[in-house]
Amino acid sequence: MGRGILLSGAADIDFMVHGVFSYELFGQTLWITTTHVCLLIVMLVIMGFCIAAGRCMKKASEVPGVFQNIVELIVEMLDGMSGSVMGKYSVKFRNYIGTIFIFIFLSNISGLFGLRPPTADYGVTFALGIITFVLIHYNQFKYQKVRGVIQGLCDPWPIWAPINIIGELAVPISLSLRLFANVLSGVVMMALIYGLLSKIAIIWPAALHVYFDLFSGAIQTYVFCMLTMTYITNACTTE
Amino acid sequence: MEFNTNFILGCSAIGAGLAVIAGIGPGIGQGIAAGHAAAAVGRNPGAKSDVTSTMLLGQAVAETTGLYGLLIAMLLLFVKPLMP
């Protein structure tokens, strides 16, 4: 950090992304960063849980055991969430919504386990925003046809088309920046507390972890999924 | 004109402070949303969970503009785009 944060003399404040390992590809130096490592850990946890869930559901019983109950609860919650917003379109999209919900939620709360949350890297959230953007426009062209899309762009009058196009392009950027900035602010705040108040940060930062990691992470996950579902439903409906 | 790096650092810090003023707007907006939600729960206590989830969603969306200011402040302080 060079001169340290705000010249306070604390040299161990650290919340940036660090390179772990560099390699050359097509003449460019690329880095495997801490984000990739944390992402890999989160993915391994999700995959392990999913494999265990699949094994459990293969020999599912009429009276569910503890683990089967938990899996059914999660799936029912996610299906209910997408069903309440998307209505009849939810059948096709609930896999995607459930996947990003679990992924973003685990990424956001991974700060509790000492990782740097992968969603505090703009590369990750922007990729999620781009996926949503592609889904919105694919479905818009599929359901409303080219004519409907052009009519939607020239909404009040054709002269408003540039503003509408800018509005469409702003959707993935605002979606991804919202998630990124929320998680990043939590990471920075916790790093400042542990770095600047390291002598008296004994037990009470746990309360802040509950707010910044659990509460804020859960809310932002919910918001990301809700907005994704709303945009896709808007793109699917034809007037 | 040649500027000292310390001068640029100081100006970046002032700019970061000014950018965080963007937090006023979301603060007012979230307060209004929470107040109306409290009134709604008072009028219809049965709908408490629906009102709460709607309020949280609206507040999280309203927060975005404040977060943009925060991002600008972070960029000015830590990425230092103005440094030569």
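The values are calculated or read from the model by the stated rules, or taken from the named source; none is laboratory data. As the structure is a prediction and not an experimental result, all values here were calculated from the model. Positions of Cβ are generated from backbone atoms using ideal geometry, with glycine treated the same way; all protein chains shown enter the neighbour counts.
Regarding segment A:35-53, can at least one residue be identified that is touching a residue at least 24 places away in the same chain (Cβ under 8 Å) and in contact with a Lys or Arg (Cβ under 8 Å, 6 or more places away or on another chain)? Yes: one or more hits. Can you tell which of B:L57, B:L77, B:L82 is in contact with a Cys (Cβ under 8 Å, 6 or more places away or on another chain) and modelled with pLDDT under 90? That would be B:L82, the only listed residue that is in contact with a Cys (Cβ under 8 Å, 6 or more places away or on another chain) and modelled with pLDDT under 90. Pairs are defined by a Cβ separation below 8 Å, a sequence spacing of at least 6 or placement on different chains, a first member in segment A:148-172 that is closer than 26 Å to A:T125 by Cβ, and a second member that is in a loop (DSSP other than H, G, I, E, B) and at pLDDT below 85; the pairs so defined are A:N164/A:C154; A:N164/A:D155.
Scanning segment A:128-145 turns up one or more residues that are in a helix (DSSP H, G or I), aromatic (F, W, Y), under 30 Å from A:T34 (Cβ atoms) and in contact with an Asp or Glu (Cβ under 9 Å, 6 or more places away or on another chain). Put simply, of A:L196, A:L153 the only residue that is crowded, with 16+ Cβ neighbours inside 10 Å and touching a helix residue (DSSP H, G or I) at 6+ places or on another chain (Cβ under 7 Å) is A:L153.
Of everything in segment A:215-230 that's of a type in the set (A, V, I, L, M) and crowded, with 16+ Cβ neighbours inside 10 Å, which residue is farthest from the chain's Cα centre (by Cα)?
In this case the residue turns out to be A:M229.
Summed over segment A:163-210, residues that are within 14 Å of chain B (Cβ to nearest Cβ) and over 25 Å from the mean Cα position of the chain (by Cα) total 1.
Every residue in segment B:28-84 that is more than 14 Å from chain A (Cβ to nearest Cβ), in a helix (DSSP H, G or I) and not hydrophobic (A, V, I, L, M, F, W, C), please. Those that are more than 14 Å from chain A (Cβ to nearest Cβ), in a helix (DSSP H, G or I) and not hydrophobic (A, V, I, L, M, F, W, C): B:G29, B:G31, B:G35, B:H36, B:G42, B:R43, B:P45, B:G46, B:K48.
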